[in-house]
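The values are calculated or read from the model by the stated rules, or taken from the named source; none is laboratory data. Because the structure is predicted, anything quoted here is derived from the model rather than measured. Counting neighbours? That spans all protein chains shown, and the Cβs are built from the backbone with ideal geometry, glycine included.
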Amino acid sequence: MTRLYITRHGQTEWNVEGRLQGQKDSKLTELGESQAIWLGESLKDVEIDIIISSSSGRAMKTAELIRGNRDIEIMSNDNLREIHLGEWEGQLHLEIEKHSPDEQKNFWNFPHLYKIKDGETFQQVFDRVTNEIERVLLDFQGKNILVVTHAVVLKSLITYFENKEIKDLWSGKFMNSTCLNIVEIKNDSRKFVLQGDTSHYPTEEGLYSNNNC
């Protein structure tokens with residue numbers, strides 16, 4: 001059996017500011033670093049064979065903190081980076097709401113209709129990350145694989161494994177910072193045994209819900 005342990009990066013400075021990141025980057029906050037450490041501690045008894053992280057700085061830092069002092073290779077992967085948001089990257093939600101209200105509404109409510117200049121569509125992200133995850137599963141068959149990535153990528157993978165349509169991408173649990181998702185893969189079966197779990201947060205203060213990508 002192959003097990004995928006999939007998580008989102010820890011809280012970042014731009015998450016707190018309400019600023020969209022996409023393929024731009026910002027540093028983890030102190031809380032974001034703690035969130036990654038907490039997840040690493042909760043997985044200390046799980047034999048992780050490989051960690052595959054989005055090449056974005058916030059994801060790589062999260063992967064390093066989850067690994068801690070364990071001897072596990074971290075592989076950087078460009079195809080697991082967040083959705084490219086074009087000119088929206090680095091802008092505040094409030095700014096985008098003013099100049100692109102219809103597109104912003106589509107982004108959060110009608111992902112199958114969302115499209116902006118110089119940015120990826122949800123379908124393009126879906127194709128990018130699902131093709132990559134199939135390569136990962138082929139390369140590391142029978143292993144325990146930890147994937148560190150981003151909100152839209154995570155939701156795309158959930159959409160894929162649950163055979164949902166792009167229009168339903170945002171349905172289900174919200175992907176909080178360093179939430180844990182586990183998929184078991186055996187023969188043709190792909191089954192979630194855990195989704196959006198934050199039980200590694202020691203207190204409610206650790207739960208920082210944000211809808212920044």
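In table form, for the structure just shown:
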item	result
Residue list for the stretch 86-114, filter: in contact with a helix residue (DSSP H, G or I) (Cβ under 9 Å, 6 or more places away or on another chain), more than 15 Å from Leu169 (Cα to Cα) and not in a helix (DSSP H, G or I)	Gly90, Gln91, Leu92, Ser100
Residue that is farthest from Asp71 (Cα to Cα), among those in the stretch 7-33 that are out of contact with any helix residue (DSSP H, G or I) (no Cβ under 6 Å at 6 or more places or on another chain) and buried (at least 20 other Cβ atoms within 10 Å of the Cβ)	Arg19
Qualifying residue in the stretch 19-38 (condition: over 19 Å from Ser199 (Cβ atoms), within 14 Å of the chain's Cα centre (by Cα), part of a helix (DSSP H, G or I) and not basic (Lys, Arg))	no
Test for Ile6: is it aliphatic (A, V, I, L, M) and under 23 Å from Ser156 (Cβ atoms)	yes
Tally of residues being among the hydrophobic types (A, V, I, L, M, F, W, C), within 19 Å of Ile48 (Cα to Cα) and surrounded by fewer than 15 Cβ atoms within 10 Å (Cβ to Cβ) across the stretch 131-186	1
Whichever residue in the stretch 1-23 is among the hydrophobic types (A, V, I, L, M, F, W, C) and in contact with a Leu (Cβ under 7 Å, 6 or more places away or on another chain) and, among such residues, is farthest from His93 (Cα to Cα)	Ile6
Hey, Lys117 at pLDDT below 95 and either surrounded by fewer than 16 Cβ atoms within 10 Å (Cβ to Cβ) or in contact with a Phe, Trp or Tyr (Cβ under 7 Å, 6 or more places away or on another chain) (or both) or not	yes
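Results for (1) at pLDDT 95 or above; (2) not in a loop (DSSP other than H, G, I, E, B), shown as yes or no for each residue.
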site	(1), (2)
Glu132	yes, yes
Asn163	yes, no
Glu184	yes, yes
Gly196	yes, yes
Asn210	no, no
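Rundown of residues vs (1) touching a residue at least 40 places away in the same chain (Cβ under 8 Å); (2) under 17 Å from Arg3 (Cβ atoms), yes/no style:
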position	(1), (2)
Phe122	yes, no
Lys155	no, no
Lys164	no, no
Asp168	no, no
Lys173	no, no
Leu194	no, yes
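Every residue, every condition in (1) acidic (Asp, Glu); (2) touching a residue at least 40 places away in the same chain (Cβ under 8 Å); (3) in contact with an Asp or Glu (Cβ under 8 Å, 6 or more places away or on another chain); (4) loosely packed, with under 14 Cβ neighbours inside 10 Å, yes or no:
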site: Ile50; (1), (2), (3), (4): no, yes, yes, no
site: Ile66; (1), (2), (3), (4): no, yes, no, no
site: Ile74; (1), (2), (3), (4): no, no, yes, no
site: Arg81; (1), (2), (3), (4): no, yes, no, no
site: Gln91; (1), (2), (3), (4): no, yes, no, no
site: Glu95; (1), (2), (3), (4): yes, no, no, no
